[in-house]
Amino acid sequence: IEATMPVLERGLSKSPSSARGWMLLAELRVHDPQGAGQALALSFALAPSDYWLAGRRLRDAAKLWTVLPIETRNQALLQVRLLWNEPLLRPQIEPLIATKGGPEMFTKAFHNDLDALRALNRWRASVRRSQFRDEQFE
């Protein structure tokens, strides 16, 4: 990490509009939650609806929730809904739920949409049943 951090910081100084770069910097700043939260906030500000960063960035947001600005939290909750609304992103749901703070993000994102929350839970149950059946035939 110590060798990677300066390289990443130099890269971001040359290309400060890299949402992926700021997300990576947030992940490397494990011992500096405030700095990690600022880097993640920049990642969301630069690309608030980035489809391909959604799952990974949301796992980071769940871990850093208490230090994130309110705008970043709101963007994260919109992306939680994106994971559910985009079938290709649904495989990112289980890793987020397994992350500390992940289940609470789903609750917050769907607090006004109990039908969607129930549908999400039914979908998760069907995935688990399918995985169980697959394991039985191995």
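Brief remarks follow.
- Angle in degrees between helix 33-46 and the longest Cα principal axis of the chain, rounded to the nearest 10: 80 degrees
- Taken over region 83-138, the alpha-carbon convex hull comes to 79 cubic angstrom per residue.
- Considering only Leu46, Ile97, Ala61, and ranking their Cα positions along the charge dipole of the chain that arises from unit charges at the beta-carbon of Lys, Arg, Asp and Glu, the one farthest toward the positive end is Ile97.
- Pairwise centroid distance, computed over Cα atoms, of region 1-73 with region 79-138, Å: 24 Å
- Over the chain, accessible surface divided per residue gives 60 Å², non-protein components excluded, 1.4 Å probe.
- With all protein chains in place and a 1.4 Å probe, the accessible surface of the chain carries 56 percent carbon and sulfur.
- Isotropic mean projected area of the C-alpha convex hull, the chain (nm²): 9.7 nm²
- Restricting region 1-95 to GluC sites (Glu not before Pro) that sit in a DSSP loop and have at most 11 other Cβ atoms within 10 Å of their own Cβ leaves Glu2.
- Straight-line cross-link reach from Lys63 at under 16 Å between alpha-carbon atoms covers these aspartates and glutamates, not counting any fewer than eight positions away in the same chain: Glu27, Asp32, Glu94, Glu104.
- Expected 222 nm ellipticity per residue - DSSP helices of 4 or more, -39500 (n - 2.57), all of the chain, to 500: -22000 deg cm²/dmol
The values are calculated or read from the model by the stated rules, or taken from the named source; none is laboratory data. Being a predicted model, the structure only gives us computed values, none of them experimental. Counting neighbours? That spans all protein chains shown, and the Cβs are built from the backbone with ideal geometry, glycine included. Protein only, heavy atoms only, side chains kept; ligands, DNA and RNA dropped before computing areas. Shrake-Rupley method; radii C 1.70, N 1.55, O 1.52, S 1.80 Å.
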